[in-house]
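> This is the structure, below, for whatever I ask next.
The values are calculated or read from the model by the stated rules, or taken from the named source; none is laboratory data. This one's a predicted model, so the numbers in the text were calculated from it and none came from an experiment. Here the Cβ is made from the backbone with ideal geometry for all residues, glycine too, and neighbour counts use every protein chain on show. Surface accessibility is based on the protein's heavy atoms, side chains included, excluding ligands, DNA and RNA. Shrake-Rupley method; radii C 1.70, N 1.55, O 1.52, S 1.80 Å.
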Amino acid sequence: AVEINTSFYRPHQQSTYRRWAAAVPDAFAFAVKAPKTITHQLRLADAGPVLDAFLAQVSGLGAKLGPLLFQLPPSLAFDEASVQSFLRVLRERFDGSVVWEPRHLGWFTGSADDLLKGFRIARAAVDPAIVDAAAKPGGWRGLTYFRLHGSPRVYYSAYGPERLERFAQQLLKARDEQSAVWCIFDNTASGAATTDAFALQALVRSNLP
């Protein structure tokens, strides 16, 4: 799997997604990050036309489309009415997997979690986390999605054997709970993401029955 991050910054043609889908093995899947136009500029309001365009583009992935990732700006607090309005618009158009990465403290409450569950939206577990709850999966538990950005130095630091072992145990636990499990490493600046991903993959496989 891979998480497409460039879609956050600029749109890609549907034909580009089709080409990527054709270039990978059958078991491969793509998570796709939603445009910042939706999350950072429109801040989830009146986003229907932009969302329509984005969904048309990513449809080029076909069966290889995994979760859509919505990463919110740190300044976007939880407002139940506006979030509910956006999620209704989203679910009218898209029935697949969705993962939410809020970055404001107001999101880590029972009411926010319940709203996400109601729309089958998973909340990402992230590192580094702004609060303890942010390090744990939330929302709908049919999908577990880790986004590991590197710590203590974000985007640079490798995780090391002990922390990777802890992540492996968390992933295995989620799998045992019948959740679809994704783990994305974003500590790419010094190349640690690839090494960490392969090491974690080996740890998970070595613990499978």
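> How long are the semi-axes of the equivalent ellipsoid of segment 39-106, taking √(5λ) for every eigenvalue λ of the Cα gyration tensor, in whole Å from largest down?
Numbers: eigenvalues 94, 35, 23 Å².
Sorted largest first and rounded, they come to 22, 13, 11 Å.
> Magnitude of the Cβ-charge dipole of the chain, K/R +1 and D/E -1, about the Cα centre, nearest 20 debye? Show your work: numbers first, answer last.
Numbers: 23 positive and 19 negative charges, 67 e Å.
Rounded to the nearest 20 debye, it is 320 debye.
> Using packing as a proxy for protection, rank 74-87, 34-47 so that the peptide with the highest average count of other Cβ atoms within 10 Å comes first.
Ranked by mean Cβ neighbours within 10 Å, highest first: 34-47, 74-87.
> Hey, what's segment 67-150 come to in accessible area per residue, 1.4 Å probe, Å²?
38 Å²
> Antiparallel DSSP bridges in the chain: what percent, to the nearest 5?
Of those bridges, close to 10 percent are antiparallel.
> Calculate, for Ala135 and Ser85, the FRET efficiency according to 1/(1 + (r/R0)^6) with r their C-beta to C-beta distance and R0 25 Å; round to the nearest 0.05. Could the numbers behind the result be given before it?
Details: r = 29 Å, r/R0 = 1.15.
Once rounded, the FRET efficiency stands at 0.30.
> Give me, ordered by chain and number, the residues 5 or more places off Arg123 or on other chains with an amide H under 5 Å from its own placed amide H.
Amide H to amide H, under 5 Å and 5 or more residues apart or across chains, Arg123 pairs with Trp100, Gly138, Gly139, Trp140.
> What number does segment 66-158 give for Rg over Rh if you use C-alpha atoms and the Kirkwood radius? It would help to have the intermediate numbers written out before the result.
Details: Rg = 13.0 Å, Rh = 13.5 Å.
The Rg/Rh ratio comes out at 0.97.
> Between Gly139, Pro128, Gly150, whose Cα lies farthest towards the positive end of the dipole of segment 93-209 when Lys and Arg beta carbons carry +1 and Asp and Glu beta carbons carry -1, centred on the Cα centre?
Gly139
> Take Leu105, Leu90 and sort them by solvent-accessible surface of the protein heavy atoms, 1.4 Å probe, largest at the top.
From most accessible down to least: Leu105, Leu90.
> What number in nm² do you get for segment 108-209 if you take the convex hull of its Cα atoms and divide its surface by four?
Averaged projected hull area, Cα only: 6.4 nm².
> Would you be so kind as to identify which of Ala112, Gly66, Pro161 lies farthest towards the positive end of the dipole of segment 57-209, taking Lys and Arg as +1 and Asp and Glu as -1 on Cβ and the Cα centre as origin?
Checked the options; the winner is Gly66.
> Can you tell me the dipole magnitude for segment 60-152 around its Cα centre, using point charges on the Cβ only (Lys, Arg +1; Asp, Glu -1), in Debye to the nearest 20?
That gives a dipole near 300 debye.
> Could you tally the net charge around Lys117, taking each other residue with its Cβ under 14 Å from the Cβ of Lys117, Lys/Arg +1 and Asp/Glu -1?
Once all neighbours under 14 Å are counted, the net charge is +1.
> Rounded to the nearest 5, what is the percent of antiparallel bridges among the DSSP beta bridges in segment 75-177?
Among the beta bridges of segment 75-177, antiparallel pairing accounts for roughly 25 percent.
> Output the direction-averaged projected area (hull surface divided by four) of the convex hull of the alpha-carbon atoms of the chain, in nm².
Reported value for the Cα convex hull: 11.4 nm².
> If contacts are Cα pairs under 8 angstrom and at least 6 residues apart, what is the relative contact order of the chain in percent?
Over the chain, the number comes to 14 percent.
> Let me ask something additional. May I ask you to list the aspartates and glutamates whose Cα is less than 16 Å away from that of Lys64, ignoring any residue fewer than eight positions away on the same chain?
Glu3, Asp26, Asp95
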